[in-house]
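Following: one structure in structure tokens, then a few remarks.
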Amino acid sequence: MEKIIKTIAEELKIRENQVENTIKLIDEGNTIPFIARYRKEVTGGLSDETLRELGDRLNYLRNLEKRKEEVINSIDEQGKLTDETLKAVALSKTLAEVEDIYRPYKQKKKTRATVAKAKGLEPLADIIMEQKETKPIEEIAKEYVNIDKLSDEDKKNKDKVVATAEDAIAGALDIIAENISDNSKYRKEIKRQCYREGLVETKAANPEEKSNYEMYYDYNEAIKYIPSHRILAINRGEKEDFLKVKLAKPEEKILAYIERDIIKGETQFTNMLKETILDSFKRLIEPSIEREIRSDLTEKAEEKAIKVFGQNSKQLLLGAPIKGKTVMGFDPAYRTGCKIAVIDDTGKVLDYTTVYPTAPQNDVENAKKELLKLIEKHKIDMIAIGNGTASRESEMFVADMLKETNREVCYVIVSEAGASVYSASKLATEEYPDINVSIRGAISIARRLQDPLAELVKIDPKAIGVGQYQHDVNQKRLAESLTGVVEDSVNKVGVDVNTATPSLLSYVAGINNTIAKNIVKYRDENGKLKNRKQLLKVPKLGKVAYEQCAGFLRIFDGDNPLEVTAVHPESYKATEKLLNKLGFDKKDLKDKEKLEEIRNKLKSVNVAKMAKELEIGEMTLTDIIAELSKPGRDPREDMPKPILRSDVLKLEDLKEGMVLTGTVRNVIDFGAFVDIGVKHDGLVHISEMSDKFIKNPSEIVSVGDIVKVKVIKIDTERQKVGLSMKVWCSWVFLGTDLKNTLVFLFAFLSYILYTVGVFKVCPQKHP
């Protein structure tokens, strides 16, 4: 365990005691959200992302140690365990390295080498490898010819017959070739050389065939530099039979390396060993090494893609809610018509219909009349338009329609990813048994504008669909990662226990699907919960589950004002003591005037001193102070609000140099797609995100961010728009960003003062 702790600490760049304490908490059954929020003193304040990474590495390293033990036991049972092998296994850092060491000891299927061994040719192979024998090898090999010694029945079996000296030598060389292939030292070095000097090469399966992979029809890139998204793109192109892929390896260097290690000067065995090394490489090593390297590249690319999925999904889940608004959900379509649902500010369905303003019906006038009537009838504040098929046509229709109403109504483009999945789900059927499946999508679109988190948790995380190559990555690993993201998001925000659906409750730390349903059932039978302690009356929600979930569940208008906050019940006494020391009571949290006084006094609290007095950790106290300052505060308030639109842009309206405001819809390895109000999202390439070098777009932007972009390229034929975020120094943008403007003006003023001689620059002294 000490080794595992040290490894994780080094990898994550954290202290060993942080790792040790966290492992203990995980092994005790604590959830990641609980550990991240309420055990900061124990972990040293590790974030939920770091904790999940730690948990993943812990599982991997434990499996690695288990496999090492299995391999050592297996080799020992065969009577072949040496100190060298034992040491090699112990020093292995990956499962692949362990399997390479174990390779020679595995029970093999029938191969040329196993057949040769069965014929008793292993001693001859040893003689050749020793390279000491001066007697002609052909003479020595005759001793292994056995055809005259076999029964008539055995002579019929080719796997038993050694007919000639040449056959004996060939069999011995087959044994040597396989031994070379199984040598873990060689395989490790070959992989190293391939990663350092190898190339990924792609060719077109049919050069005349048009596809999305044409840039890869004659392409190569160094293995050590190829980015993750290109690996996944190439894999998909190969899977769809558009591409042929191979790895170009430094063959000469590899062969020279093996030859140096095996061949001991010029002997009668030199040429045959060189040929055997080449045979081993071409027939055995190269195919398996290529599979391993490509598998490794794919695995790393998938992990990176999954991480991007997670980051993007988190931003989407934590999107700022739009509260207190009546919303019209608009699910665009062509042939089947646009589905409309009206939702009040509590999420209740008020009305729904279907209109046909798009092709082929193009019934614009009747659609306008019907929707304008709904706007007036239900006093609609906002229209949420799904961003799927027919989205921009629908947007144009809505923008034109809003000109005919006196109400101040704006529209918002909303991601509809997963809406169709939800519409047909069992949950949707339970929620709206009497509403057509097609209308449910419009309801979901409207509700995710009002509360993205509450609505999106109803959908399989994989269906949210932000990122790249969603269907190409390991689906089990993707599901695990995204589920963790949803859990972290839900617990970060907190859940109103008296209004939450089972689907939302099931993501709260310590609560499974059964307990979630039991909470709702208890609530329906007994009325709203008045305090967190009532949770202990819910069937199957015991003390352990209560400890994990209590702090994340909110009770508004309950018995205890602290229960609208994230303060955990275990900290109630300390919190009340803190309030008393400041001259207040917990009931004062409900009084706006006194709450303002509390906030002011909390600002002057000496955290270190007060923590000692209250006998709690400083981090815990800091969190308590933050909660008391804004009881019941939704952390999503700090997230960017969606852009409200009242008009629409066409591609033809765009001009190069134009500066626009847009919403980041997706972040990928090579850039970000930004919704600027035209039919297709524009692309900000990673090279256009910043004047300084960045490794990943996520360093600059996240899904949902509102950004200023400049149009730098318009491709009307392909309906593509190139954007740049390097707009601060543009005269067009001057004055829209105070900080950047001041920097620009300071630099400009300095230049002017230098040119008129106010500033002097010391001349450099040259030798």
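Ser503 is checked against (1) modelled with pLDDT under 95; (2) not in a helix (DSSP H, G or I) and fails just one. What number does that condition carry?
(2)
Exactly one of these conditions fails for Pro433: (1) buried (at least 22 other Cβ atoms within 10 Å of the Cβ); (2) of a type outside the set (Phe, Trp, Tyr); (3) farther than 30 Å from Gly484 by Cβ. Give me its number.
Among (1) buried (at least 22 other Cβ atoms within 10 Å of the Cβ); (2) of a type outside the set (Phe, Trp, Tyr); (3) farther than 30 Å from Gly484 by Cβ, the lone unmet condition for Pro433 is (1).
Would the range 131-148 turn up any residue that is under 23 Å from Asp279 (Cβ atoms) and small (Gly, Ala, Ser)?
yes
Search the range 398-419 for residues being without any contact (Cβ under 8 Å) to a residue 60 or more places away in the chain and in a helix (DSSP H, G or I), and hand back the single one that is farthest from Lys339 (Cα to Cα).
So the residue we want is Asp400.
Inspect all residues belonging to the range 439-446 and state whether any of them is touching a helix residue (DSSP H, G or I) at 6+ places or on another chain (Cβ under 7 Å) and either closer than 17 Å to Ile306 by Cβ or surrounded by fewer than 23 Cβ atoms within 10 Å (Cβ to Cβ) (or both).
Checked the range 439-446: no residue is touching a helix residue (DSSP H, G or I) at 6+ places or on another chain (Cβ under 7 Å) and either closer than 17 Å to Ile306 by Cβ or surrounded by fewer than 23 Cβ atoms within 10 Å (Cβ to Cβ) (or both).
Do we find that Thr114 is hydroxyl-bearing (Ser, Thr, Tyr) and surrounded by 15 or more Cβ atoms within 10 Å (Cβ to Cβ) in this structure?
It is true that Thr114 is hydroxyl-bearing (Ser, Thr, Tyr) and surrounded by 15 or more Cβ atoms within 10 Å (Cβ to Cβ).
Kindly list, by first and then second residue, each pair from a residue in the range 41-57 that is under 18 Å from Ser489 (Cβ atoms) and without any contact (Cβ under 8 Å) to a residue 40 or more places away in the chain to a residue that is among the aliphatic types (A, V, I, L, M) and not in a helix (DSSP H, G or I), limited to pairs with Cβ atoms under 9 Å and residues at least 6 apart or on different chains.
Leu46/Ile14; Thr50/Ile14
Among the residues of the range 29-70 satisfying the criterion of being within 22 Å of the chain's Cα centre (by Cα) and outside any helix (DSSP H, G or I), which is farthest from Tyr507 (Cα to Cα)?
Result: Leu46.
Identify the single condition in (1) without any contact (Cβ under 8 Å) to a residue 40 or more places away in the chain; (2) part of a strand (DSSP E or B) that Ile340 does not satisfy, given that it satisfies every other one.
(1)
Restricting to the range 538-564, name every residue that is in contact with a Gly (Cβ under 9 Å, 6 or more places away or on another chain) and surrounded by fewer than 20 Cβ atoms within 10 Å (Cβ to Cβ).
Val544, Tyr546, Glu547, Phe556
Tell me which of these Ile75 doesn't satisfy, since it passes every other one: (1) surrounded by 11 or more Cβ atoms within 10 Å (Cβ to Cβ); (2) in a loop (DSSP other than H, G, I, E, B).
In the conditions (1) surrounded by 11 or more Cβ atoms within 10 Å (Cβ to Cβ); (2) in a loop (DSSP other than H, G, I, E, B), Ile75 misses (2) alone.
With the requirement that a residue be part of a loop (DSSP other than H, G, I, E, B) and either under 20 Å from Ser503 (Cβ atoms) or of a type in the set (Ser, Thr, Tyr) (or both), what does the range 517-555 give you?
Lys528, Leu529, Val538, Pro539, Lys540, Leu541, Ile555
Only one residue in Leu46, Leu61 is among the aliphatic types (A, V, I, L, M) and under 29 Å from Arg294 (Cα atoms), so which one is that?
Just a single option satisfies the conditions, and that option is Leu61.
Could you say which residue among Asp460, Asp496 is modelled with pLDDT under 90 and among the charged types (D, E, K, R)?
One residue alone meets the criteria, Asp460.
Give the residues of the range 420-430 that are part of a helix (DSSP H, G or I), over 21 Å from Glu393 (Cα atoms) and in contact (Cβ under 8 Å) with a residue 12 or more places away in the chain, sorted by residue number.
Once the filter is applied, which keeps residues that are part of a helix (DSSP H, G or I), over 21 Å from Glu393 (Cα atoms) and in contact (Cβ under 8 Å) with a residue 12 or more places away in the chain, the range 420-430 yields Val421, Tyr422, Ser423, Leu427, Ala428.
Within the range 384-399, identify whether any single residue is surrounded by fewer than 21 Cβ atoms within 10 Å (Cβ to Cβ) and more than 35 Å from the chain's Cα centre (by Cα), and answer yes or no.
Yes: one or more hits.
Taking the stated definitions as given, is Val485 within 25 Å of Ile706 (Cα to Cα), part of a loop (DSSP other than H, G, I, E, B) and touching a residue at least 60 places away in the same chain (Cβ under 8 Å)?
no
Kindly check whether there is at least one residue in the range 377-392 that is closer than 25 Å to Thr499 by Cβ and in a helix (DSSP H, G or I).
For the range 377-392, residues closer than 25 Å to Thr499 by Cβ and in a helix (DSSP H, G or I): present.
Among the residues of the range 448-475, write down those that are in a helix (DSSP H, G or I) and either out of contact with any Pro (no Cβ under 9 Å at 6 or more places or on another chain) or within 15 Å of Glu303 (Cα to Cα) (or both).
Arg448, Glu455, Leu456, Pro461, Lys462, Ala463, Ile464, Gln475
The values are calculated or read from the model by the stated rules, or taken from the named source; none is laboratory data. Worth saying up front: this structure is predicted, and the values here are computed from it rather than measured. Quick reminder, even Gly has a Cβ in these numbers, built from the backbone with ideal geometry, and neighbours come from all protein chains shown.
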